[in-house]
Amino acid sequence: MRLTVNGRVHTLDSALPLSLLELLRDRLALTGTKFVCGRGECGACTVQLDGETVYSCLTLAEACDGATVLTVEGLAPGGGEPSLSPLQRAFIAKDAAQCGFCTPGQLMAAHTLLARNPHPTDDEIRSGMSGNLCRCGTYPKILAAVRAVADGEFAGSAGSAEAGSAEAGSVNAA
Amino acid sequence: MPRKTKGAAKPGGFVQTTVEIEGRTETRIVEIPAFEPAAWGTDAELGIVGARVPRMDAPERVSGRARYTTDIVRPGMLHAAIVRSTIPRGTIRSLDASRARAMPGVLDVLGPGDAPAGTRLFGREIFYAGQPIAAVCAATGHAARSAAHAIAVEYDTLPFAVTFEDATAKDAPKVRAKGNVMENAPLVISRGDMDAGLKAADVIVRREYRTPVQLHTALEPHGAVAEWEGDRLTVWESTQGIFRVRENVSKALGISLSKVRVIKDYMGGGFGAKNGAGPHTYVAALFAKRQGRAVRCINDREAEQTDSGNRPSSTQRVTIGAKKDGTLTAIFASIDVPLGISGWEGGPGQIYHELYACPNVRTEETFAYVNASGMAAFRGPGYVEGAFGLESAMNALAKELKLDPVAFRVKNFAKREPRTDRPYSGNSLLQCYKEGAEVFGWSTNDQRPMTNDRLRVGKGMAAQVWPTGGGPPAYALVRMNSDATVDVLAGTQDLGTGARTVLSQIAAESLGAKLSDVRAIIGDTQSLPYTGNSWGSMTTASVGPAVRMAAEDARRQLFEAAGAMFDAAPDALEARDSRIVVRDTDRTMTFAEVTAKLGNVMIIGKGSRGPNPADTAIMTFGAQFAEVEVDLDTGIVRVLRIVAAHDAGRIINPTLAESQLEGGIIQGLGYALFEERVLDRRLGLVMNPTIHDYKIPTMADIPLIDAFFVAGADPVANHTGARGIAEPPMIPAAPAIAAAVSDAIGADVTEIPLTPWRVLAAIAAKARR
């Protein structure tokens, strides 16, 4: 089977009795996507499959032949800070990740949500993101981050010296 | 302010000091640090400490690069799965692993009698459902889990008790080998004269409050990867305490401390449940030894929900009395707590003694053992449960007295810590009441708005206290590299709280370095100096001062080196933004210019946490206000708004601290409305061991939250002026929400979670009266 993950084409044994999540984590070493419940209850394993939000723990790898997958590792093509996506920068600036374990799934859910509905209301964000659980309670910050991206607050390139920059060097007293 | 300690407080000498951990007081003999930096007082001019700096490890967390224990892969790594008892009490008659052993990929099985006694694993006697009874090691996780299911177990069952009532009944079955009730029950804490206090009261309120078992539900389960090199063991563990895991593993396996290395880089939540090694750790280590390969053992979700600790339930029978003017005269609570098969007396009682200046207070707590998984610390253990009883009773009494709940609390404000009659290092609780009420728009004279016939709005409030002084021992090193970057080295943990960021800010501030040049290296017992567990909201107040001292020590050395280069006295130098200036001149040199001249000569500052001030109560305070909407037809509660005002001394990073407040409030909201482990009394089994059936809040449940800190610093507590904050916001959330529900429906609510049927029952009970 052929699978395109984050822009890279993989040719794999089609008889793999795996979920898409296991394929990503165990075969392709893309461990950004997390396993939490394994039964579609928490959203930690959320990825984008052919433009749709899916729970990768409930998606059979075999059924993904020819598909295109985007994971958290693909949001910032360079992997490094300069290329972080607006959503990733917004999550940093709004402090939308505490332990960070649910964060990859939250980012992928938000990414697809904004792709389909670039200008959601707060209630649409709440409803669109309510399939992704967070135990640390970062929800208000996630809402703020998605809101900010929808409002264009992080539209510039990452290099610009906006509030979302993770460069902590230039600190002003609070 | 002078810092007094008991004994001869000479640098290098040793003194006795006390440290409060999760409400317990421990006495320790600690070394006096070589020097103690002058405390950062309220008016200290600080640039980096106190700034809203983005979380420094956030780029790793948002890019998928952060490596959690569950992501660790070692060459040739094998996988282990634990087999758990399906009955609550009995003995294993037979355990047949032959089918499991024959399955593809299966390499090894551990069963009854196969584990060292120190691990307390795989005994034949069963004390609760979910107890580990065997384990399988296989080439893949799939194979290990499949083989675990293929192990056939026959049991001889015994009678069991999973409720407090059943365990303490006259003819109760033997829950465990020793008694069903904790020794010396009940645990009585008392001050004053209860009879006199009740006699002096004009109004007395009596209520029985019930709280549920709450499950931590960290999204990353407990897990470990173990690997041996000869007789040295390395353990990657998702833990709040690397040094405690090291100690546990060393004791359990009978190997010396120095041969065990524990590493924790990132972890997916702890909340109190990950304070030491567990069965998964020992299973990974034992299989790794037997197989000569690395082994990963991660709890599955059902194990995480049924056997990784919990906040125990409680029944609190409260009697509370006051004079007409609102002066409290008596607080009494008789409390039952079923701990599970093991646990400690971190019960609801303590907060009854600490929050108000009442002369007569008495709690009687009985802790029973039941045939269910043991309790563990869970964010504000005891105080969260106790606050629901105490604060609900306070609100009920305020109503009887026709007093405003805020004014009633202000009236009974404790000027000294009332349980032990000690002065506070600092206490701005009155400010929390005032600012919280202002921001919320609190006034009990409002007409209750009614959206329509079905929807009623109500509001309520509650307060909080929690011991958060932290303390020794904790050590840190601050190392300046030859490229002028700075490493903070401390064997602590970042649970997602922001410890890396906060410690880096403290170091950068003290050293005069750019924050972007500073990196905190944490989470490795082999290469880093000791610090304690990240529990009890202690990390900032324990490790922070050690880091500050280490940074000051590094700065002193840097100034001596630069002084020689400048031909200036070290005390004529100042540093800021990684640049040294000779005071009152234009002579300047960057840190990089100094370190370039030093070459490979290193600057290493050393710091340790000094003793706590003697006979001083160091606590964090807060008040929360809630507004809810209740649907009278369905019983569904929607929280509309929470305002939280807390006092935790100096806030090192307001953004991260506010995230802690919001997180605590949201876990408190879950506790108030949804979260409840359901344990079937006849089967002895957990009925909701999944995240679908055990409800935690989702984004759709979140109200508007305005959580903030009242201004201040606490230079008496320690020289950074900071106290702890992670646990306190969870304490008053549930009673504030419950009070708002009570206000909305016009009836008392005495049991959480406030699921629709409980709310409807409260409404129906009111209608019957």
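The values are calculated or read from the model by the stated rules, or taken from the named source; none is laboratory data. This one's a predicted model, so the numbers in the text were calculated from it and none came from an experiment. Here the Cβ positions follow ideal geometry from the backbone for every residue, glycine too, while neighbour counts run over all protein chains shown. The area values use the complete protein model at the heavy-atom level, side chains included, leaving out ligands, DNA and RNA. Shrake-Rupley method; radii C 1.70, N 1.55, O 1.52, S 1.80 Å.
Results, tabulated for the structure shown:
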item	result
Charge context of residue B:359, other residues only, Cβ under 10 angstrom, K/R +1, D/E -1	0
Long pairs among B:434/B:459; B:178/B:259; A:34/A:141; A:34/B:264; A:94/B:459; B:174/B:251, criterion Cα-Cα beyond 24 Å	B:178/B:259; A:94/B:459; B:174/B:251
The stretch A:7-99, relative contact order in percent, only Cα pairs under 8 angstrom and at least six apart counted	25 percent
Neighbour net charge for residue B:326 - beta-carbon separation under 15 angstrom, K R +1, D E -1	+2
Calculated over the protein assembly as shown: convex hull of Cα atoms, volume per residue (Å³)	176 Å³
Residue-normalised accessible area of chain A, given per residue in Å² at a 1.4 Å probe	39 Å²
Contour minus Cα-Cα distance for residue B:682 and residue B:140 (0.36 nm per residue)	191.4 nm
Accessible area of the protein assembly as shown belonging to carbon and sulfur atoms, whole % at 1.4 Å probe	50 percent
Length-normalised contact order of the stretch B:594-693 in % [C-alpha pairs under 8 Å, at least 6 apart]	16 percent
Gain upon complete extension [residue B:597, residue B:711; 0.36 nm per residue less C-alpha separation]	36.7 nm
Gap separating the Cα centres of the stretch B:585-606 and the stretch B:485-515, nearest whole Å	20 Å
Chain-alone versus full-assembly comparison, the stretch B:659-697, residues with accessible loss of at least 20 Å² (1.4 Å probe)	B:659, B:662, B:663, B:666, B:667, B:690, B:691, B:692, B:696, B:697
Two-site FRET efficiency, residue B:77 against residue A:115, from Cβ-Cβ distance with R₀ of 56 Å, rounded to 0.05	0.95
Buried on assembly, the stretch A:118-156 (at least 30 Å² less accessible surface than by itself, 1.4 Å probe)	A:126, A:130, A:133, A:135, A:136, A:137, A:139, A:140, A:141
Pairs from B:399/B:766; B:199/B:323; B:324/B:766 whose Cα-Cα separation, in the structure shown, is over 20 Å	B:324/B:766
Accessible surface, chain B, averaged per residue in Å² (probe 1.4 Å)	36 Å²
Calculated over chain B: convex hull of Cα atoms, volume per residue (Å³)	175 Å³
Computed accessible area, residue B:56, all protein chains, 1.4 angstrom probe, square angstrom	50 Å²
Largest to smallest principal axis extent of the C-alpha atoms in the stretch A:1-70, angstrom	29, 24, 20
Cα gyration tensor, the stretch A:81-150 - rounded (a/c under 1.5), prolate or oblate	oblate
Average projection area in nm² (convex hull over Cα atoms of the stretch B:183-257, one quarter of hull surface)	10.4 nm²
Rounded to the nearest 10 Å², the accessible area of residue B:606 at probe 1.4 Å	130 Å²
Accessible-area order (highest first, 1.4 angstrom probe) of the listed residues B:93, B:419, B:723, B:293	B:93, B:293, B:419, B:723
In Å², nearest 10: area of residue A:111 left accessible to a 1.4 Å probe	60 Å²
Spin-label zone in the stretch B:592-628 - amide nitrogen under 18 Å from a point set 7 Å from the Cα of residue B:16 along the C-beta vector	B:611-617
Extension gain, residue B:526 back to residue B:158 (0.36 nm per residue minus Cα-Cα distance, nm)	127.9 nm
Sum of side-chain charges, residue B:492 neighbourhood, beta-carbon under 15 Å (Lys, Arg +1; Asp, Glu -1)	+2
For chain B: relative contact order, % (alpha-carbon pairs under 8 angstrom, 6 or more apart)	17 percent
Chains B and A, summed buried accessible surface - 1.4 Å probe, Å², nearest 100	4400 Å²
